[in-house]
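The values are calculated or read from the model by the stated rules, or taken from the named source; none is laboratory data. Just so you know, these numbers come straight off a predicted model, no measurement behind them. Counting neighbours? That spans all protein chains shown, and the Cβs are built from the backbone with ideal geometry, glycine included.
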Amino acid sequence: MKSPLRHPPLAPPSFLGKGAGGVGLLFLLSLLAFGRPAQADPPHVLVVAVHGTLWPGTATFVRRQLDVAYAQGASGVILDIDTTGGSEAAANDIKQSVIDHAGSLPVAAFVHDRALGPGALIAVVCKTLALSPGASLGGAGGVPKSDLKSAAEAGGRNPAVAAAFAGADTDLPALGVKAGDTLTLTAKQAQGTGYADLIASYPSEVAAKMGPGLTGARLVPVSLDFWQSAALWVTQPWVTIGLLALGFALILTEMLTLHSWGLAGIFGGLLVAAIFAAFIAVGAATWVGLLLFLGGCAFLLLETHFLPGHGWPALLGLGLVFAGLFYALGGSQAGALYPATTSLLATLGIVVAFFLYLPRSGVWKRLGQPLRQTAGGGYVSSDDYTGFLGRVGASVSPLRPSGTAEIDGVRLPVVTEGDFVPTGARVQVVMVQGNRIVVRPE
């Protein structure tokens, strides 16, 4: 007797035809598999480090990360802030970037230590603001109150409190601040006055406060790598000024004294190239500035090697170099006028000091007599050159200002009175002081 619990095998549906059961089963399974909704990726939040002094490169870095977060579909960004000062322009740039992304990308500020000076602008503009225990916010004396107020209004906070960071307009009894006092809030004060949304020890707590859907969100830390940090360090104004001045001084000294490109010129060129590379890396440099700078260098070489003493190539070259520096260092938005002008003035000071010191130093003899004096080269061994005074000859090498001239068939190491003289120019000996022979172009 057959068990009533047992049933004959199911036949395949008639529309599949005989023997098509396996194919039909596969078809149904594929429908089930592809019909399931794709499992969405868990939300992720970028945690962008804003540490140390604020410079234009910092603003470029933060702006790029906000753009990347939006392009990658991030659920939000947390700015991990620890700064005590820096460029107001950079802080305002970051503030504007946060405002620009406010409608499409939640941005929170997590002050894990300090947000003082211009850094307060960045903190108060964010819709969500958290301070770690022991953190401080404010102390922005010197920052325009209008910038602080607009940042607070954009973040939905009391602008009067933000203005007090730079100096209270009126008494704020709740905070114990009198008119004119500069306010710095502790974490508890910030939370007690409603300025901070929470006191948090970890970015995950801040993410949860940004929205219910971000609880447990995957945090993606973003910070500067070694090369980015090095580039950012180079773009600090005082570093830029020092390296540019040194690099330009070495290049100019090389052009004015030596007959071939030596270590000084190579090292100076590398310093200038490193500065340009750093500004390109942080996104501040423009190719227009680089092209103008190279064009200026070309005109300076024209003055020193092909048209010495004409003047106009040098003036045009200096103008192009300055314009190139201005745009290569970020233009007016990055405050490039100060480092460009200061570095050129410092270069001039270094070169002038070098040549004031040079005639009284032992280096001058080496620069004034760059070629080895050998009989095979047509040199004389006598130290008495007074017989050549007033004689006329021709330069056999560029005089910049030192070089070699042939006077009465004898090759002599000579130096001009400061003029640059090309090869083959007629020169006259106008002064002889021991081994130093001074010539003047006719």
Do we have residue 79 as closer than 22 Å to residue 235 by Cβ and either assigned to a strand (DSSP E or B) or touching an Asp or Glu at 6+ places or on another chain (Cβ under 6 Å) (or both) here? yes
Answer with yes or no whether residue 30 is assigned by TED's automatic domain parsing to the domain that holds residue 207 and either modelled with pLDDT of 85 or more or of a type outside the set (Asp, Glu) (or both). no
Out of the residues in the range 405-429 meeting the condition of being buried (at least 19 other Cβ atoms within 10 Å of the Cβ) and in contact with a helix residue (DSSP H, G or I) (Cβ under 9 Å, 6 or more places away or on another chain), tell me which one is modelled with the highest pLDDT. 429
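Based on this model, can you work out whether residue 399 counts as under 29 Å from residue 252 (Cβ atoms), modelled with pLDDT of 85 or more and crowded, with 17+ Cβ neighbours inside 10 Å?
Numbers: under 29 Å from residue 252 (Cβ atoms): yes; modelled with pLDDT of 85 or more: no; crowded, with 17+ Cβ neighbours inside 10 Å: yes.
Judged against the criteria, residue 399 is not a match.
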Please specify each residue of the range 122-157 satisfying the condition of being free of Cβ contacts under 8 Å to residues at least 40 places away in the same chain and among the hydrophobic types (A, V, I, L, M, F, W, C). 125, 148, 152
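Within the range 142-167, take every residue that is modelled with pLDDT of 90 or more, small (Gly, Ala, Ser) and farther than 19 Å from residue 127 by Cα and give me the one that is surrounded by the most Cβ atoms within 10 Å (Cβ to Cβ). Spell out how you get there, then give the answer.
So the first thing to find is which residues in the range 142-167 are modelled with pLDDT of 90 or more, and the list is 143-167.
Narrowing the set further to residues that are small (Gly, Ala, Ser) leaves 146, 150-152, 154-156, 160, 162-164, 166-167.
From what is left, the residues that are farther than 19 Å from residue 127 by Cα are 164, 166-167.
On the way: 164: 28, 166: 23, 167: 17.
Per the stated criteria, the residue is 164.
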Flag for residue 181 being in contact with a helix residue (DSSP H, G or I) (Cβ under 8 Å, 6 or more places away or on another chain) and either farther than 28 Å from residue 45 by Cα or free of Cβ contacts under 8 Å to residues at least 12 places away in the same chain (or both): yes
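Could you check how many residues of the range 113-123 are among the aliphatic types (A, V, I, L, M) and assigned to a strand (DSSP E or B)? Give the steps one after another, and end with the answer.
Here is the first cut: in the range 113-123, the ones among the aliphatic types (A, V, I, L, M) are 115-116, 120-123.
After this cut, where a residue has to be assigned to a strand (DSSP E or B) as well, the list is 115-116.
The total comes to 2.
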Restricting to the range 385-442, count the residues that are in contact with a Phe, Trp or Tyr (Cβ under 6 Å, 6 or more places away or on another chain) and closer than 27 Å to residue 311 by Cα. 3
Counting only residues that are over 9 Å from residue 427 (Cα atoms) and in a loop (DSSP other than H, G, I, E, B), the range 388-410 contains a total of 9
Tell me, please, whether a residue that is crowded, with 20+ Cβ neighbours inside 10 Å, at pLDDT below 80 and not in a helix (DSSP H, G or I) can be found in the range 220-235. yes
Any hit, the range 53-62, residues being in contact (Cβ under 8 Å) with a residue 60 or more places away in the chain and surrounded by fewer than 20 Cβ atoms within 10 Å (Cβ to Cβ): yes
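Does the range 179-186 contain at least one residue that is within 34 Å of the chain's Cα centre (by Cα), within 19 Å of residue 65 (Cβ to Cβ), surrounded by 15 or more Cβ atoms within 10 Å (Cβ to Cβ) and at pLDDT 90 or above?
Of all residues in the range 179-186, those within 34 Å of the chain's Cα centre (by Cα) come to 182-186.
Next cut, within 19 Å of residue 65 (Cβ to Cβ) only: none.
For the range 179-186, residues within 34 Å of the chain's Cα centre (by Cα), within 19 Å of residue 65 (Cβ to Cβ), surrounded by 15 or more Cβ atoms within 10 Å (Cβ to Cβ) and at pLDDT 90 or above: absent.
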